[in-house]
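> If you scroll down you'll find the structure; I have some questions about it.
The values are calculated or read from the model by the stated rules, or taken from the named source; none is laboratory data. What you see is a predicted model, and the numbers here were worked out from it, not measured in a lab. Please note: Cβ atoms are built from the backbone with ideal geometry, for glycine as well, and neighbour counts cover all protein chains shown.
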Amino acid sequence: MSVVGYSPLLRFAKGRASRHQKVLLNQWSEFWGEAHWHGYNDDIWATHRLKSLWTLRHRNVEFTVTNLQDGFFTELNIEHLDGTNVQTTSGRITSFSNFVHEVFSSPATMMGYTRDRWRMNTAAGSALFELTSSLYRDASSQDPFRILSDFFHTLALSVEYERPVLSVGAFGEIRYVTNETTWLEPLHFETANDLLEDLTFSVAGQGTNVSIHTSYWLKGEARTGDCRCPLFRFVETRIEGLTSQPIVLRGYWSQTWEGIHVTDYQQFIFEPRLESGISPQIADELAAQDIAALYLNRSGAARDNTSGVISNAVLVVVGLDGTPRRFSDQSFPAPGAARASALGENGWARRSAHAGEESVVRKAAVFPVAELEALKSFSK
């Protein structure tokens with residue numbers, strides 16, 4: 001998730017010891033949810049599902065375990081997805097469904113951290129939210145003030161779903177998971193020094209050809225190709241070949257990007273039904289084809305030196321019931337030896353438990369009906 005607008009000032013008051021304690025001065029703080037610091041181990045599906053816009057208010061308090069027993073955040077306003085609708089949940093945090101506040105000591109921070117839990121609806125149904133807040137940096141008498149955005153990556157959001165949700169990995173694994181974690185991170189508006197990416201994909205599949213042209217802003221360091229850079233914003237995505245009219249997406253909710261070191265395995269999710277003002281005709285045509293969302297994976301494909309078009313990307317369609325099916329003739333590349341070992345000798349079977357989640361991993365180069373039915377049965 002990401003910080004926007006104004007953030008609370010942090011005032012550092014010298015304590016009895018030689019270090020300086022952090023005191024947070026209350027001011028409305030706005031966060032928007034482009035979940036994840038983009039890079040290795042990130043999940044575009046969590047990024048897409050957990051998009052949200054947060055406005056938080058907190059107490060004027062020194063950030064210590066003793067002072068935080070009575071809570072830190074006081075009021076929240078959260079715009080989030082409830083199914084395919086944008087909903088606003090707001091009020092005093094203590095009034096949220098199943099709210100619990102906890103405080104923990106932390107040798108790493110010397111100031112402890114808070115954990116707030118409550119239940120709220122998401123794009124995938126009701127879920128248990130857990131917001132963990134901690135501050136790490138010490139202050140100095142020469143530089144006593146901070147804003148909250150200086151401390152991003154110390155606000156972590158974990159979500160536990162009632163039912164497993166779909167995740168297709170960057171290398172083609174299908175998983176159904178019940179737990180996801182992301183970060184609240186600052187929103188940065190693009191500048192002239194940042195990078196405007198402009199990509200065109202030509203995807204052959206199902207006897208036709210789909211063109212996807214997308215443009216979006218990344219941090220300037222993305223020019224190196226080795227930057228775990230967050231997305232600033234999409235400018236526009238234009239999809240042609242699936243409907244009688246081009247699908248044009250400009251909204252926040254309908255398009256999502258992730259990049260493993262930016263260029264190697266860029267991934268996109270496009271969900272036209274979340275676009276405000278989408279043509280009813282386009283919506284009906286997509287529904288008739290059982291298309292709820294599109295997952296596009298660059299899969300290491302290079303641009304054509306002459307046209308600039310990327311032709312070997314993988315396109316997966318997600319049906320209205322959440323079932324994925326490969327649309328493109330191009331499949332995911334076979335995993336390397338290490339990856340094949342992790343997935344099992346035949347590249348298919350593995351059952352894993354991680355951070356409280358249990359998932360089934362499958363290579364997604366093809367989606368046999370029997371395998372999909374088994375996956376769906378497991379997820380129920």
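> Within segment 184-220, count every residue that is of a type outside the set (A, V, I, L, M) and more than 13 Å from Thr237 (Cα to Cα). So that I can check it myself, show each step before the final result.
Initial filter on segment 184-220 (of a type outside the set (A, V, I, L, M)): 185-186, 188-191, 193-194, 197-198, 200-202, 205-209, 211, 213-217, 219-220.
Those still in the list that are more than 13 Å from Thr237 (Cα to Cα) too: 185-186, 188-191, 193-194, 202, 205-209, 219-220.
Number of matching residues: 16.
> Answer yes or no as to whether Phe99 is surrounded by fewer than 18 Cβ atoms within 10 Å (Cβ to Cβ), modelled with pLDDT of 80 or more, among the hydrophobic types (A, V, I, L, M, F, W, C) and over 25 Å from Ser276 (Cα atoms).
yes
> Moving on to the next point. Please determine whether any residue of segment 11-27 is charged (D, E, K, R), assigned to a strand (DSSP E or B), at pLDDT below 85 and surrounded by fewer than 17 Cβ atoms within 10 Å (Cβ to Cβ).
Looking only at segment 11-27, we keep the residues that are charged (D, E, K, R), and these are 11, 14, 16, 19, 22.
Imposing the further condition that a residue be assigned to a strand (DSSP E or B) reduces the set to 11, 14, 22.
Restricting the remaining residues to those that are at pLDDT below 85 gives 11, 14, 22.
Among the residues that remain, those that are also surrounded by fewer than 17 Cβ atoms within 10 Å (Cβ to Cβ) are: 14.
Yes, segment 11-27 contains at least one residue that is charged (D, E, K, R), assigned to a strand (DSSP E or B), at pLDDT below 85 and surrounded by fewer than 17 Cβ atoms within 10 Å (Cβ to Cβ).
> Sticking with this structure for a sec: For segment 275-294, give me the residue count where each residue is surrounded by 22 or more Cβ atoms within 10 Å (Cβ to Cβ) and either touching a His at 6+ places or on another chain (Cβ under 9 Å) or of a type in the set (Gly, Ala, Ser) (or both).
Of the residues in that region, 1 qualify.
> Oh, and also: So, of the residues in segment 178-212 that are β-branched (Val, Ile, Thr) and out of contact with any Leu (no Cβ under 9 Å at 6 or more places or on another chain), which turns out to be surrounded by the fewest Cβ atoms within 10 Å (Cβ to Cβ)?
Out of the qualifying residues, it is Thr191.
> Can I ask one more? Just give me the residues in segment 295-322 being buried (at least 21 other Cβ atoms within 10 Å of the Cβ) and among the small types (Gly, Ala, Ser), in sequence order.
Of everything in segment 295-322, those that are buried (at least 21 other Cβ atoms within 10 Å of the Cβ) and among the small types (Gly, Ala, Ser) turn out to be Ser299, Ala313.
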